[in-house]
Amino acid sequence: MMEKHQVKKIKLLPDQVDNNFRGKKISQYAFLIITVVTIVRSLIHVIAPDGGAQSIATIPLDAYSAEAAATVILMFSFWGLSQLLMGLVYIGVYVKYKSLIPMMYVLLIIEYAMRIVIGQIKPIITTGTAPGSVGSWIMVPVCVVLLILSLLPGKAAKQVLA
């Protein structure tokens, strides 16, 4: 009689949300790096006098009226706040709910892909190449690879399945 092995499927949304990461460890550690970068970037947008709009994104604020420049800076600050909130969610996932890391990669893929799409639909004038515009093109394929790695059973998951 053949011995049946129970194969546990790894899902994007696990049946049980817990702190057991079942994927390849590199995708877990990469998620931590992305979390730190997200929080640092968000704080720059909130704290920097120009919200990073001119100093980083090379938007020529000095060519705008004072009111228009203030509006752009405020929008960058709001954007920083939303990034900070997502960063806090990422911290919560990393510290307490690692089984949700694959789903976080899906959100990251959507975010960066939509940045590209929206940037194409609604382009803005800059005096240089904004790091964020280049970063989005890099982050989409990187996050796709990390998503796949996060769904492949890692050593810990293989031991649980054995």
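Let's see how each residue does on (1) touching a Ser or Thr at 6+ places or on another chain (Cβ under 7 Å); (2) under 19 Å from G23 (Cβ atoms); (3) part of a helix (DSSP H, G or I):
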residue	(1), (2), (3)
Q83	yes, no, yes
M86	yes, no, yes
V89	no, yes, yes
S99	no, yes, yes
Y105	yes, yes, yes
R115	yes, no, yes
I118	no, no, yes
I125	no, no, no
V144	no, yes, yes
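Determine, yes or no, whether I116 is out of contact with any His (no Cβ under 8 Å at 6 or more places or on another chain), of a type in the set (V, I, T) and crowded, with 16+ Cβ neighbours inside 10 Å.
No, not satisfied.
State which residue is surrounded by the most Cβ atoms within 10 Å (Cβ to Cβ) when the search covers only the stretch 38-70 and only residues that are within 19 Å of Y112 (Cα to Cα) and touching a Phe, Trp or Tyr at 6+ places or on another chain (Cβ under 7 Å).
A53
Based on this model, can you work out whether I73 counts as part of a helix (DSSP H, G or I), surrounded by fewer than 18 Cβ atoms within 10 Å (Cβ to Cβ) and at pLDDT 95 or above?
Considered against the rule, which asks whether it is part of a helix (DSSP H, G or I), surrounded by fewer than 18 Cβ atoms within 10 Å (Cβ to Cβ) and at pLDDT 95 or above, I73 comes out as no.
Between Y97, Y105, which is at pLDDT 95 or above, surrounded by 15 or more Cβ atoms within 10 Å (Cβ to Cβ), under 18 Å from D15 (Cα atoms) and more than 15 Å from the chain's Cα centre (by Cα)?
Answer to the check: Y97.
The values are calculated or read from the model by the stated rules, or taken from the named source; none is laboratory data. All values reported here derive from a predicted model rather than from experimental measurement. We place every Cβ from the backbone using ideal geometry, glycine too, and count neighbours over all the protein chains shown.
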